[in-house]
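For reference, the structure discussed in these notes is given below.
The values are calculated or read from the model by the stated rules, or taken from the named source; none is laboratory data. None of these values were measured; they are calculated from a predicted model. Every residue, glycine among them, receives a Cβ derived from its backbone with ideal geometry; neighbour counts consider all protein chains shown. Accessible surface is based on the protein model in full, side chains and every heavy atom, while ligands, DNA and RNA are left aside. Shrake-Rupley method; radii C 1.70, N 1.55, O 1.52, S 1.80 Å.
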Protein chains: 2
Amino acid sequence: MVRKTRVDTLATRNALLDAALQVFRERGVAHTRLADVASRAGVTRGAIYWHFRDKAELFAAVCERGTLPVEALLAEASRSQQRDPLATVKQLALMALKQLATHADTQAMFDVIFHKCEFTEDLAPVVAKNDADRAACLSQVRALFDQAVAIGQLPPDTDTALATHGLHAYLVGLMHEWVLAPASYDLARCAEALLDTYLAGLSQRPPRCPKPT
Amino acid sequence: MVRKTRVDTLATRNALLDAALQVFRERGVAHTRLADVASRAGVTRGAIYWHFRDKAELFAAVCERGTLPVEALLAEASRSQQRDPLATVKQLALMALKQLATHADTQAMFDVIFHKCEFTEDLAPVVAKNDADRAACLSQVRALFDQAVAIGQLPPDTDTALATHGLHAYLVGLMHEWVLAPASYDLARCAEALLDTYLAGLSQRPPRCPKPT
DNA sequence: AATCACATACATTCATGTATGTAAATTGTC
DNA sequence: GACAATTTACATACATGAATGTATGTGATT
């Protein structure tokens, strides 16, 4: 049995993506042998080279599939309520953290992205997409913070760009460290409290960068 | 001229560490060829294999040299003032951020650690040391938070473990993201404001994890 | 009949580890 | 302090394995 029907073809492609995510997590992307990915998926390297050009394209596909749900959340939130921008920001962040806390494959994705991957030239397309996504996310959150300042939810002297960098760093750090030790605390239950702490700090003492002397 | 005096020997060793840090940053640790490191240092692979067993040991030495100043700061702070534990925590975090903001080699180190390195089995000793350092740092900060609660600097219902995880994540995230785009904002000037925001949140709305239903 | 979705086989590159060479520096001896 | 003897700090040469990319085969499908 060599040739499959179209649905079987898609199934092997997904099996390859699943296997790749697992092996990437175990061995690291750079040290991963395509033969291992293939055998894990129950096929040979021929199947990989049929669906993907090389390891970089396979990795890009894994990332693409893994970040789709998060991007969907962002896109959905962009056209939702703007009555309460601060609550919108909180909900966005909360959903990202809960997605991580409750989905094993999301944990695997971020484990690979944060700790099992080298962002160098050969992964240039993935790096470029990451940068673009980050920039879009940052500008979207900053717009919400600007609205929050405009309606008095945040102090008028808030440096919204800095506040955005701070929140983004907070989220990245929480995910970066939690995937290293998911047992250290219950992220699903604590996420909201952790977010409230930072947001309270934003309201009470928003970051302002001192002018150069 | 082959054989050097002892000071020359140490000089080539340091040249190898410098070259390794550069090449690691450019190519990523896994994709780095020891021949590139050697030629960048003006020697051959023979010199590397004389000073280090393999790439893993070279990387460990690079990390060792890079984290020494930070560890010295922590050790020094552990035996300093305990009159104002919250201020001590702030100063510790501030010095870490300023060290990153002002030292190019520290930026290179963290760029490698965060984005140009895969933490897998072959780097096990480095991973183990990282884990130990993180655990020590977390417990030290938590002890300071406990003192802050004891003397009324933080609310009595503060979950100091969660607060510690939050601060640590905040710092990791700030460094993780800033090294990606050091031009995005002036970390040296904004570090204190960013820290004050989180610490204000801690005082006003300390994180508490809700009990499971 | 033609193409698809792989499997198999092959050639090539490439980095590593080791083995060996070697000149200078150190040590020991008197 | 002169002079081997030995060790140091590398450079050079070599063998090996390992992963890659490609070329080709092949049976089912459309």
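Please give the charge dipole size of region B:1-52, origin at the Cα centre, charges +1 on K and R Cβ atoms and -1 on D and E Cβ atoms. Round to the nearest 20 debye.
Numbers: 9 positive and 4 negative charges, 27 e Å.
So the magnitude is around 140 debye.
Considering only the other residues whose Cβ falls under 13 Å of the Cβ of residue A:33, what net charge follows from Lys and Arg at +1 and Asp and Glu at -1? Surrounding charge for residue A:33 is +1.
Rounded to the nearest 20, the Cβ-based charge dipole of chain A about its Cα centre (Lys and Arg +1, Asp and Glu -1) stands at 440 debye.
Once you list every other residue whose beta carbon is under 12 Å from the beta carbon of residue B:117, what net charge do they have if Lys and Arg are +1 and Asp and Glu are -1? Show your work: numbers first, answer last.
On the way: positive: A:116, B:25, B:27, B:55, B:116; negative: A:118, B:111, B:118, B:122.
That works out to +1.
Computed log10 I(q)/I(0) for chain A at 0.13 Å⁻¹: -0.82, from the Debye equation with unit scatterers placed on every C-alpha and solvent omitted. Angle of helix A:55-78 to the longest C-alpha principal axis of chain A, folded into 0 to 90 degrees and rounded to 10: 30°. Here is how far apart the residue A:46 label points are across copies: 4.8 nm, shortest first, using a point 7 Å from Cα toward Cβ.
Take the cross-link list A:116/B:211; B:90/B:211; A:129/B:98; A:90/B:211 and give me the ones stretching past 24 Å between alpha-carbons.
Numbers: A:116/B:211 33 Å; B:90/B:211 30 Å; A:129/B:98 30 Å; A:90/B:211 21 Å.
Result: A:116/B:211; B:90/B:211; A:129/B:98 exceed 24 Å.
Interface area, chains A and B: about 4000 Å² of buried accessible surface, summed, with a 1.4 Å probe and ligands, DNA and RNA left out.
Please grab the % of Cα pairs in the protein assembly as shown that end up more than 38 Å from each other. Write down the numbers at each step before the final one.
Numbers: 24394 of 90525 pairs.
That tail contains 27 percent of the Cα-Cα pairs.
Each of B:117, B:73, A:102 was placed along the dipole of the protein assembly as shown (beta-carbon charges, centred on the mean Cα), and the one lying farthest toward the positive end is B:117.
Apolar share of the accessible surface for region B:65-204: 58 percent from carbon plus sulfur atoms, 1.4 Å probe. Normalised by 2.2 N^0.38 Å, where N is the number of residues, the C-alpha radius of gyration of region B:1-52 stands at 1.10. For region A:16-44, heavy-atom accessible area (probe 1.4 Å) falls by no less than 30 Å² from the chain alone to the full protein assembly at A:30, A:31. You can think of it this way: the chain between residue A:33 and residue A:146 has 35.9 nm of extra reach, that is 0.36 nm per residue less the Cα-Cα gap.
Applying 0.36 nm per residue to the separation of residue A:5 and residue A:71 and subtracting their alpha-carbon distance, the gain on full extension is 20.7 nm. Look at the alpha carbon pairs under 8 Å that are at least 6 residues apart: their mean separation over the length of chain B gives a relative contact order of 22 percent. Suppose you put the label 7 Å out from Cα in the Cβ direction; list, shortest first and in nm with one decimal, how far residue A:82 is from each other copy's label. The answer, with the shortest distance listed first, is 5.3 nm.
Along the axis of the charge dipole computed for region A:146-213 (Cβ charges of +1 for Lys and Arg, -1 for Asp and Glu, origin at the Cα centre), the listed residues A:160, A:190, A:176 are led at the positive end by A:160. The angle separating the long axis of helix B:85-102 from the principal Cα axis of greatest extent in chain B is about 30 degrees. Between the helical axis of A:160-178 and the longest alpha-carbon principal axis of chain A there is an angle of about 40 degrees. Think of chain A as a dipole: +1 on every Lys or Arg Cβ, -1 on every Asp or Glu Cβ, centred on the Cα centre; then among A:89, A:48, A:9, A:9 lies furthest on the positive end.
Measuring spread by the Cα atoms of region B:117-213 yields a radius of gyration and Dmax of 16.2, 46 Å. Distances between copies at residue A:5, taken between label points 7 Å from Cα along the C-beta direction, are 8.2 nm in increasing order.
The residues of the protein assembly as shown expose on average 49 square angstrom of accessible surface per residue, using a 1.4 Å probe on protein heavy atoms.
At residue A:157 and residue A:127, where each label point lies 7 Å from the Cα along Cα→Cβ, what is the point-to-point distance in nanometres? Label at residue A:157, label at residue A:127, 4.0 nm between them. Taking 50 Å² as the minimum loss, tell me which residues in region A:128-170 lose that much accessible area going from the chain by itself to the full protein complex (1.4 Å probe). Residues shielded by partner chains are A:162, A:165, A:169, A:170.
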